[in-house]
Ligand SMILES: [Zn+2]
């Protein structure tokens, strides 16, 4: 028998509200934690929380007074029902506020929540009557909501607002997102260096350059909160980013073992044969058939975008094969002819992409000038013949 959470959940929420109203700190942390966690683990509580407009504001207040969760993006710590833009719309004639760094802005919000919470005289806080703030909230929670609303209204009044804010890019979310500036984010984790270096290599295959941002990658998109970013990132990695799946074919599924067991003898020719096996294997998979538009739940994607992204993936695979083809041909030449050339001869060569910037650029130029490409290259394409002819110049 399911435990009936109605009215238990409501009683819990009311206890939390009374604790804030009465300035009672003992046990409030536990109440706040249970109120936050229950909707995550219990469907009935999630529905009850969703149907109570005051719940999100209460959780926002607790998140900032207790500092729960990450603070990286503009709406972090604010549940999805608390939308600063919607709150700000009720305010007219706000003065202009200067834009500050995200970390300073979030810190100011935390300090304000702490100051409100510390004030023993609850009634000192104005009884904020705003349509967008539920009336059945403690004064302190209303004061915090007013602070968020007022701050956002002042940012909107700044003429540079449109340059620094845009709507969250997660499908169905309209909360404001501060445009990411790389140094504001901790997502660039040093332990991912090798992955990032390899990603830079594949980006070079697609665009011919390692500079510039891939605007379609979630890491470079604008999201209101970490929750929205994670939802999009998960979907992108599992359904959109085909390059992620390359790890399954790392230098060819069939030959990986052989390469590992005989690492000392890894040569450009072997790497080329492995890449060829990878291309043939990928060409057979269902994933690489003509792009069929699958409805994404979070990632914003049109049919055209989906097709263009798949084509970029195919181009990258082909250019990669072209570089290795040239290397394999040079590798077979007499030593005196190839003595000055550094060829890819290790499994991790793509993480040393800076050695091969020119090679990728030259192969890409040959590939792009070919009249037709015919999907994933399998070794007998005419443009690969041209790469072979030019092989001595590829690794100049
Ligand atoms: Zn969002």
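No lab work stands behind these numbers, since they all come straight from the coordinates. Keep in mind that what you see is a predicted model, and the values were worked out from it rather than measured. For neighbour counting, all protein chains shown are included, and Cβ atoms are generated from backbone atoms with ideal geometry for every residue, glycine included.
Between residue 18 and residue 284, how high is the FRET efficiency from 1/(1 + (r/R0)^6) when r is the Cβ-Cβ distance and R₀ = 56 Å? Nearest 0.05.
Using R0 = 56 Å, I get an efficiency of 0.30.
For 85, 390, the sequence from fewest to most other C-beta atoms within 10 Å is 390, 85. Averaging Cα coordinates gives a centre for region 334-370 and one for region 2-78; these two points are 57 Å apart.
Working from label points 7 Å from Cα in the Cα-to-Cβ sense, the residue 348 to residue 70 distance is 2.5 nm.
Order by neighbour count: 299, 66, 354, fewest other Cβ atoms within 10 Å first, most last.
354, 66, 299
So what is the relative contact order of region 8-184, in percent, for Cα pairs below 8 Å that sit 6 or more residues apart? Display every interim value, and only then the final one.
Numbers: 209 pairs, mean separation 45.1, N = 177.
The normalised contact order for region 8-184 reaches 25 percent.
At full extension, residue 92 and residue 179 could sit 28.9 nm farther apart than now, given 0.36 nm per residue minus the alpha carbon distance.
If you take the beta carbon distance between residue 380 and residue 307 as r and set R0 to 25 Å, what does 1/(1 + (r/R0)^6) give as a FRET efficiency, to the nearest 0.05?
Rounded to the nearest 0.05, the efficiency is 0.50.
In this label model, residue 238 and residue 210 are separated by 3.3 nm, measuring between points 7 Å along each Cα→Cβ vector. Label separation (residue 157 vs residue 195): 4.4 nm, computed from points 7 Å beyond Cα along the C-beta direction. Sorting 102, 392, 59 from the fewest to the most surrounding beta carbons within 10 angstrom yields 392, 102, 59.
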